[in-house]
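Colleague: Structure in structure tokens, see below.
The values are calculated or read from the model by the stated rules, or taken from the named source; none is laboratory data. Keep in mind that this is a model prediction, so the values were computed, not measured. Cβ atoms come from the backbone with ideal geometry, glycine included; neighbour counts cover every protein chain shown. What goes into the accessible areas is simple: the full protein's heavy atoms, side chains included, and nothing from ligands, DNA or RNA. Shrake-Rupley method; radii C 1.70, N 1.55, O 1.52, S 1.80 Å.
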Amino acid sequence: MNVLLSRLSLVCVFIGVLLFTGQSRAQVIFSDNFNSQSYTNFHWDASGGNAYYYSGQAAESGFSVGIGPTTYVYTILDVPSNTDSVQVTFWLRIGHNSFSSPPRGQSSFHLYWDGVGDAYSSWYIVELHRGASGRGTIQTLTIDIPRERIAEQNYLLFYNQGTRGYYHIDNVVVSGTLGQRLDHFTISNTSSNASVCAPHEVLIEAKDSANQTLTDFEGDVEISTSTGNGDWSMSAANSRFSAIGSDTGRANYRFAASDNGQLRLRLSNEHAETLTINVRDPAGTVSSNSTSVTFSENAFVTEYNDSLNDDIIAYRSHGLRITMMKRDSNGECGAAQHYNRSGVYVRQAPLTGDPGGIAPQLVYGANSTTLSNSFTQLPITFVQGVANVQLSPRDVGRYRLEFEDRSNGFSDSTIAGQSSELSVRPFAFASSAAGRSNSLSANAPVFKEAGERFQVSVTAVGWQPSDDVNNDGIADGHNDTDPLNNADLSNNPIVSSFGAETPGNSVLLSSRSLLPSGLNHQDLSGETRVLSFVNGVATAEVAYSNAGIMEMDLELEQNRYLGGSVAAANRLLGRSSPIGRFIPDHFVVQNTNLDPFCTASSLTHLNQPFDVSADITAVGVDGRTLDAYHGDFAKLSDSLGQRDYDAKPVSGSLLSGRVEALSETLLFNRGQARLHASLRIMKTSLPETPLREVQLGLKLSDSDGVEISGSSLNLDLAGSGHSEYSVLGSSDFYFSRLFSESRHGPESNNLPLPFEIQSWAGHSFARNEADSCSIIERRNVRFNSTGSLDVDANLRPPIAASSTLASFNDLQSNHIRFEQGSAGLVFSAPGLGQRGEVEMIVDYSSLPWLSYDWNQNNTDDDVSLPNAVARFGTVRGHDLLVYWREKSR
């Protein structure tokens, strides 16, 4: 590290102490705004109020790099073990002004943090800037320190490595967030009797000032007995437990986060005596004592005699073995073989947190008795010191069973004993949602819109043998991924005291997408933490923010129930079976586009196809994209649902029924689709003047009736005062035709022949000068004397002994383009005396939108022009004809 630090320019010397109080909130550990030079770091700029430093050779005489708690490094001491996170926030400027040059190309600026307490040998490094860019840039940065890098003593420094150049920092704040703070320990199950012949179970819990278990507690504890006798052990020992000596009553343990603030130990004590148990932290700042426990030579010892061991479930009979343990004069322990008696006293002794619900029954032989908090003599028969009974709980609870033989027939004093702590849990959580479908079909009835609130009922239920065929304490099918094999819990008995415990418990709701497949994120929101159970039942309002079908998972929020084991709490589950079908709330239409035939002039001819497109997104009530609107669950496509198009010119009436969809493509992928459609606005039977700035609107709905709404509705075509369409775009539309006519002239001059796009101008057709986009294939135009114009030689038809050359404005290899509505057809002069004619024949069936009623049958469907003739030389007309013109409709 010294080699590394010799290349660094370090800032800031400060030794701080971290003090915290309270629970789960951010605390300032250290802050400094560098407004004085009260520390030994001579690189502070007092006048500017910030620290600046550089790498390379120091300009100040005597400057040297140091390391340690008293030089150039922040040292942060006494960080509590329950610190969840640490953040370092600071102001940073890259370079400055006349007195501080910017960093050079090889500069790099870093934050160093060491929280392993090993004298700087393992740094956590974050690069904050590199290179010469960004001079004068000011940032406020927050760096998160990983939890595993936080220790009781921590070191913080900044450095600039590389060529000379300045960085500036100010307003450094180091803050942390604490978990709950340890106030005391509780030591349970020690208020009565134990046997010198059997280990006695003890539960130790770390508590805060509100007597809540600190589920994230970590730290060392020391355990001892008041008499200095006994041996401690764990049922599943680990390296964090250590018994100190033999028969000393002492042990040490290091709590880890996985312990959830609870420790179960067993105390064996061969001394017949009364003692207390003490638990303390090594510093002695927190120390707690138990109530008295008496170890006797004759005592009742209770063991679990059940496949589920200590996992006791409401409405399930749980086997217990009661043994009258005896130590004889030889010091040998075992069941008292001559203890063959009946008539012991039994009571249910509630423990902390017990809700005081329905009392359990104790079944012995063919008899059963409901227990109470008072001792009741029961005819339980012991044979050779052993009696087998069944505990039949009908509610949740936390208690122990206490036994007494007051007959003095086997001993001259009362023989007493107790069970270990018995925690009784519900079997499972049942749920219901009115109106939901239990189907896994994409065509299941609609349940709700995505994001729409609905009410869920959650019920804590008891055990039934038909719901736990394998007798593992888990509701059958409620812990796998098959939603259709779940045991039906709707007819199970309700566990009425669930939620009345102290402190109360809660149920967490989450969701799993069943269909469509391939989704793995959580989409349930609302009251997903269910509290306030009354008689074992609670309701919550939740929302599922996606489409499709989901299953709701229910689990206990706490990792233990009434002090029971983590394994038992993990078996307390519930599955809703399929809930659905969820559909979008509405569609959002964005990125719309209309492509006019002629973009430059925004021109399209009536009957001419044009393209529109739009992005369509299926969203929920909250506006979230529904990535499950996909496959069979997308009820809108180019063949499903409905898409309506309508149009209206800026001045004029709605073009109702005239917008025709020629083709459409629309396919949703994860909630999003791109609509592509080819449309046309159909001609009327009579010519009409140009339709200016025609706005085209889209209205759509899927087969479930989901429509566009919100800001996507931005076009009022009907003049109703509110928008009912999404605007796709606009264009000018023209009633148009292709036109040509015969012309004649002297053979000594070039002869133009009209060949043009005409549109109705209100009183007659006129060349449409806005159309410089229309084209006609050369093969569809021919001269009678040569052939089609896709052969270049055919552009020169013969005239008498000469020829004429046909030219166009824009003649391409395969087509002729009209410019400002005209093809620009001109025949060159064949020369004096070269008289004759060229007939032009045009087939424009590929341009049906330019069709016209040339044959006067009242149908605008003619796509062959009347032949146009170019005549060179004197042409005699009809003697009786003075003037002619085309008849207009």
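Colleague: Which residue is farthest from Val461 (Cα to Cα), if the candidates are limited to region 379-399 and must be open to solvent by 10 Å² or more (accessible area, probe 1.4 Å) and of a type in the set (D, E, K, R)?
Modeller: Arg398
Colleague: How do the pairs read when you match residues in region 553-570 that are closer than 11 Å to Ala428 by Cα with residues anywhere that are of a type in the set (A, V, I, L, M) and assigned to a loop (DSSP other than H, G, I, E, B), using Cβ under 6 Å and keeping only pairs 6 or more apart or on different chains?
Modeller: Final answer for the pair search is Leu556/Leu572.
Colleague: Take Glu557 and decide whether it is farther than 27 Å from Trp463 by Cβ and open to solvent by 40 Å² or more (accessible area, probe 1.4 Å).
Modeller: Answer is no for this residue.
Colleague: Within region 278-295, does at least one residue satisfy the condition of being β-branched (Val, Ile, Thr) and buried (at least 22 other Cβ atoms within 10 Å of the Cβ)?
Modeller: yes
Colleague: From the set of residues in region 120-138 that are open to solvent by 70 Å² or more (accessible area, probe 1.4 Å) and part of a loop (DSSP other than H, G, I, E, B), which is modelled with the lowest pLDDT?
Modeller: Ser121
Colleague: Do you know which of the residues in region 703-733 that are over 21 Å from Asp638 (Cα atoms) and in contact with a His (Cβ under 9 Å, 6 or more places away or on another chain) is modelled with the lowest pLDDT?
Modeller: Checked region 703-733; the qualifying residue modelled with the lowest pLDDT is Gly710.
Yes/no matrix, rows are residues, columns are (1) open to solvent by 10 Å² or more (accessible area, probe 1.4 Å); (2) more than 55 Å from the chain's Cα centre (by Cα):
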position: Arg321; (1), (2): yes, no
position: Asn340; (1), (2): yes, yes
position: Val346; (1), (2): no, no
position: Pro360; (1), (2): no, no
position: Val363; (1), (2): yes, no
position: Gln377; (1), (2): yes, yes
position: Phe403; (1), (2): no, no
position: Arg425; (1), (2): no, no
position: Ala428; (1), (2): no, no
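Colleague: Inspect all residues belonging to region 330-337 and state whether any of them is open to solvent by 70 Å² or more (accessible area, probe 1.4 Å), free of Cβ contacts under 8 Å to residues at least 24 places away in the same chain and farther than 30 Å from Ala428 by Cα.
Modeller: Within region 330-337 (the criterion being open to solvent by 70 Å² or more (accessible area, probe 1.4 Å), free of Cβ contacts under 8 Å to residues at least 24 places away in the same chain and farther than 30 Å from Ala428 by Cα), the answer is yes, since at least one residue qualifies.
Colleague: Can you report the number of residues in region 652-690 which are without any contact (Cβ under 8 Å) to a residue 60 or more places away in the chain, open to solvent by less than 20 Å² (accessible area, probe 1.4 Å) and either farther than 13 Å from Ala618 by Cβ or in a loop (DSSP other than H, G, I, E, B) (or both)?
Modeller: 3
Colleague: Which count do you get for residues in region 830-862 that are buried (at least 19 other Cβ atoms within 10 Å of the Cβ), over 28 Å from Arg680 (Cβ atoms) and of a type in the set (Gly, Ala, Ser)?
Modeller: 1
Yes or no, residue by residue, for (1) hydrophobic (A, V, I, L, M, F, W, C); (2) within 24 Å of the chain's Cα centre (by Cα); (3) over 25 Å from Arg560 (Cβ atoms):
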{"residue": "Gly435", "(1), (2), (3)": "no, no, yes"}
{"residue": "Phe447", "(1), (2), (3)": "yes, yes, yes"}
{"residue": "Thr459", "(1), (2), (3)": "no, no, no"}
{"residue": "Trp463", "(1), (2), (3)": "yes, no, no"}
{"residue": "Gly473", "(1), (2), (3)": "no, no, no"}
{"residue": "Pro493", "(1), (2), (3)": "no, no, no"}
{"residue": "Gly499", "(1), (2), (3)": "no, no, no"}
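Colleague: Here is a further query. From the set of residues in region 863-878 that are small (Gly, Ala, Ser), open to solvent by less than 20 Å² (accessible area, probe 1.4 Å) and not in a loop (DSSP other than H, G, I, E, B), which is nearest to Arg778 (Cα to Cα)?
Modeller: That would be Ala868.
Colleague: Determine which member of the set Ser226, Ser288, Ser188, Ser192 is within 25 Å of Tyr561 (Cα to Cα), more than 49 Å from the chain's Cα centre (by Cα) and of a type outside the set (D, E, K, R).
Modeller: Only one candidate qualifies: Ser192.
Colleague: Strands (runs of 3 or more DSSP E) wholly in region 396-441 with at least 2 residues that are in contact (Cβ under 8 Å) with a residue 24 or more places away in the chain and touching a Pro at 6+ places or on another chain (Cβ under 7 Å) - which ones?
Modeller: By residue number, 397-405.
Listed here are the residues, each with its yes/no results for (1) farther than 20 Å from Gln558 by Cα; (2) modelled with pLDDT under 95.
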| residue | (1), (2) |
| --- | --- |
| Gly417 | yes, yes |
| Ser423 | no, no |
| Phe429 | no, no |
| Gly435 | yes, yes |
| Val456 | yes, no |
| Asp468 | yes, no |
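Colleague: Can Glu527 be described as among the charged types (D, E, K, R), more than 18 Å from Asp585 (Cβ to Cβ) and open to solvent by 30 Å² or more (accessible area, probe 1.4 Å)?
Modeller: Here the answer is yes, as Glu527 does meet what is asked.
Colleague: In region 475-569, which strands (runs of 3 or more DSSP E) lie fully inside it and hold 1 or more residues that are in contact with a Ser or Thr (Cβ under 6 Å, 6 or more places away or on another chain) and charged (D, E, K, R)?
Modeller: 548-556
Colleague: Here's a follow-up. Which of the residues that make up region 430-465 are surrounded by fewer than 19 Cβ atoms within 10 Å (Cβ to Cβ) and either closer than 19 Å to Ala569 by Cβ or of a type in the set (D, E, K, R) (or both)?
Modeller: Glu452, Arg453
Colleague: Another question, then. Can you confirm whether Asp468 is out of contact with any His (no Cβ under 9 Å at 6 or more places or on another chain), free of Cβ contacts under 8 Å to residues at least 12 places away in the same chain and open to solvent by less than 60 Å² (accessible area, probe 1.4 Å)?
Modeller: no
Colleague: Check off (1) more than 30 Å from Asn491 (Cβ to Cβ); (2) in contact with a Gly (Cβ under 9 Å, 6 or more places away or on another chain) for Ser307 and give me the number that stays unchecked.
Modeller: The one condition Ser307 does not meet is (1).
Colleague: Here is a follow-up. Select the strands (runs of 3 or more DSSP E) contained entirely in region 750-824, then report the ones holding at least 1 residues which are of a type in the set (Lys, Arg).
Modeller: Fully inside region 750-824 and qualifying: 765-767, 781-783, 815-817.
Colleague: On to the next question. Failed condition for Ala428, given (1) farther than 13 Å from Ser576 by Cβ; (2) in contact with a His (Cβ under 9 Å, 6 or more places away or on another chain), with all others met?
Modeller: Exception for Ala428: condition (1).
Colleague: Give the residue that is nearest to Leu738 (Cα to Cα), with candidates limited to residues of region 809-828 that are touching a helix residue (DSSP H, G or I) at 6+ places or on another chain (Cβ under 9 Å) and open to solvent by less than 60 Å² (accessible area, probe 1.4 Å).
Modeller: For region 809-828, the residue satisfying everything is Ile816.
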